[in-house]
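**Q** Below is one structure. I have some questions about it.
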Amino acid sequence: MLVEIWSDVVCPWCYIGKRRFESALARFAHRGEVGVLWRSFELDRDAPARRGPTAEHLARKYGWSADQVAASHARLESLAAAEGLEYHLDQTQGGNTFDAHRLIHAAREAGKQDELEERLMLERCRERRSSRRFLRARRQPSARRRAPDAPRPRRAPHWEAWTHIQSESTASSSSRSRGGCGS
């Protein structure tokens, strides 16, 4: 059986849903017969590369006061905690996730799609980074030091990020903890 999950790595509800799905799957007698395919859903495909603080964005988007945003964040952080996740939504940054989705689909070929989906969600939550900033931080040093007039590498920088993540995941047998963000 194949389960297709549509999500965005910046969606805190998606991360809670991921944990709930994993919990249900762990209790399912035929879990070994279940495959998961992550599909892309961009919450805001027109988002700039970097948007800034999520709280400010939500206040603008929904016309909420700072108190309403804080209450919404507190409610969501409580739900996340019940799933073993630690959220710090008042400190998260938003932005475009197109490149993160491209990388997640590339990871599927190596059988690492679920691990990368988890890692990107975890990084946003724990490190309070946008997926774009996370990907940039994971590039190999040679990709960052290219001379301005040098030809571009044949592979996109996202591939270097994926290679780094792949080597990290093989170095440690479990790149995620049940404790979620902050553990």
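**Q** Would you mind ranking 6, 38 by Cβ crowding within 10 Å, fewest neighbours first?
**A** 6, 38
**Q** From largest to smallest, what semi-axes in whole angstrom does segment 1-82 give when each is the square root of 5 times an eigenvalue of its alpha carbon gyration tensor?
**A** Equivalent ellipsoid of segment 1-82: 31, 17, 7 Å, largest first.
**Q** Where does each of 10, 3 land when they are ranked from fewest to most other beta-carbon atoms within 10 angstrom?
**A** Working: 10 26, 3 11.
The order, fewest Cβ neighbours first, is 3, 10.
**Q** Considering only DSSP beta bridges with both partners in segment 1-107, what is the antiparallel share in %, to the nearest 5?
**A** 25 percent
**Q** Using a 7 Å offset from the Cα along the Cα-to-Cβ direction at both residue 34 and residue 79, what is the distance between the two label points in nm, to one decimal?
**A** 2.0 nm
Values quoted throughout were computed directly from the atomic coordinates according to the rules given, and no laboratory measurement underlies them. The shown structure was predicted, so the numbers you read here are calculated from the model rather than taken from an experiment. No Cβ is skipped: glycine too gets one built from the backbone with ideal geometry, and neighbour counts run over all protein chains shown.
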